[in-house]
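S.K.: Structure provided below as structure tokens; questions to follow.
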Amino acid sequence: MALSIGSVAPREVGTEVLARSRARAALIPDLLVEAQRIANTVTSGWHGRRRRGNGDTFWQFRPYDQGESLARIDWRRSARDDSVYVRDQEWEAAHTVWVWADDSASMLYKSESAQVSKQSRGLVLALALIEVLAKSGERVGWPGVTNAISSRTASERIAAELMLASQSATTSFPPLEQIRSRSELVVISDFLEPVSTTLEKISATAQQGINGSLVQIVDPAEEKFPFTGRTEFRDPETGEKLTYGRAETLTQDYLSVFKARRDVLAEHCKRLGWNHVVHHTDSLASSALVALHIRLSGEAAK
């Protein structure tokens, strides 16, 4: 077994980050078109993120709960059977949702089993979600790039700002300065930094009263570890290299660690009341968008 560790000089890092920024900017126009197509496909028949609240639009009948005002009872519906029902209206106040996709070097990875990189899929999901939320009347923004805006063309406006935004070599979690308590934050990333660091960041975010959803982007090779024979592994963030003569001997240990890492992240999110969605880049982007929309709508099966 040979182990070689290299480093990346500051000037090389700066050049690499600039190149990544330009490459990402070139991708965005096509990814926006794809995102809008996906959003239009999966939102057919949807009418916003439906929640109970003060509004003029009827949502549902539900059984009366003891202690509620009698004025809320719908006597005509209640007369149909032996139950007492209240009439719920749909919440119509705009909510603020911040959407952010990781732009760090590890997101550039794409194995032979995937058609797109993690970065490409993350950007498509982020822009598609923004498109869905904007059409639902929500205020949406991209932390560190735009303010929260309420516009049906929010995805186009945010995409234009992303094309001009500089890219950071170390950004693996969004800046929180713009995000107020009771807002929602959607973070799309592979979450491959040390898990303790990730848990600390999301705990600190939750302590600020911010509701969160994590979308964990996984390349199929990262979960299945199909490597055999002499293989060199390189950390895209640090440049460190690890070479194994028989990579297959690492498979079981790697799979155990990978699963444990994902489970710890999911359990931590559950304790905080956050959502955790895993999406594989060899799956349809629409599947992740549907899952995320359901969770943001509060309609996930219990």
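Quick note: the coordinates plus some simple rules give every number you see, no bench work behind them. The model shown is predicted, which means the values in this text are computed figures rather than measured ones. Here the Cβ is made from the backbone with ideal geometry for all residues, glycine too, and neighbour counts use every protein chain on show.
S.K.: Once you have the Cα-Cα distance between residue 40 and residue 259, take 0.36 nm times their residue separation minus that, and quote the gain in nm to one decimal. Don't skip to the answer; put the middle values down first.
M.R.: Working: separation 219, 0.36 × 219 = 78.84 nm, distance 3.36 nm.
Separation in residues times 0.36 nm, less the Cα-Cα distance, equals 75.5 nm.
S.K.: Using amide H atoms built in the peptide plane, which far-off residues or other-chain residues are under 5 Å from residue 188 H to H?
M.R.: Correct list: 100, 101, 102, 215.
S.K.: Cut-off under 14 Å on the C-alpha distance; same-chain residues fewer than 8 positions from residue 135 excluded. Which aspartates and glutamates are left, in chain and number order?
M.R.: Once the sequence-local aspartates and glutamates are set aside, what remains near residue 135 is 92, 156.
S.K.: Still on this model: Tell me, what HN-Hα J-couplings in whole Hz come from the Karplus equation 6.51 cos²θ - 1.76 cosθ + 1.60 at θ = phi - 60° for each residue of the stretch 237-245, using x for Gly and Pro?
M.R.: Ordered by residue, 3J(HN,Hα) equals 7, 10, x, 5, 10, 9, 10, 10, x Hz.
S.K.: Could you sort the peptides 253-260, 177-184, 35-42 by per-residue average Cβ neighbour count (10 Å cutoff), highest mean leading? Don't skip to the end; give the middle numbers.
M.R.: Numbers: 253-260: 12.2, 177-184: 14.8, 35-42: 19.0.
Output ranking for 253-260, 177-184, 35-42: 35-42, 177-184, 253-260.
S.K.: Classify the stretch 148-221 from the C-alpha gyration tensor, please: rounded if a/c falls under 1.5, else prolate or oblate depending on whether a/b exceeds b/c. The partial results should precede the final answer.
M.R.: Numbers: a/c = 1.81, a/b = 1.22, b/c = 1.49.
Verdict is oblate for the stretch 148-221.
S.K.: Given R₀ = 45 Å, what would the calculated FRET efficiency be for residue 77 paired with residue 157, taking r from the Cβ atoms and rounding to 0.05?
M.R.: Taking R0 as 45 Å, the efficiency between residue 77 and residue 157 is 0.55.
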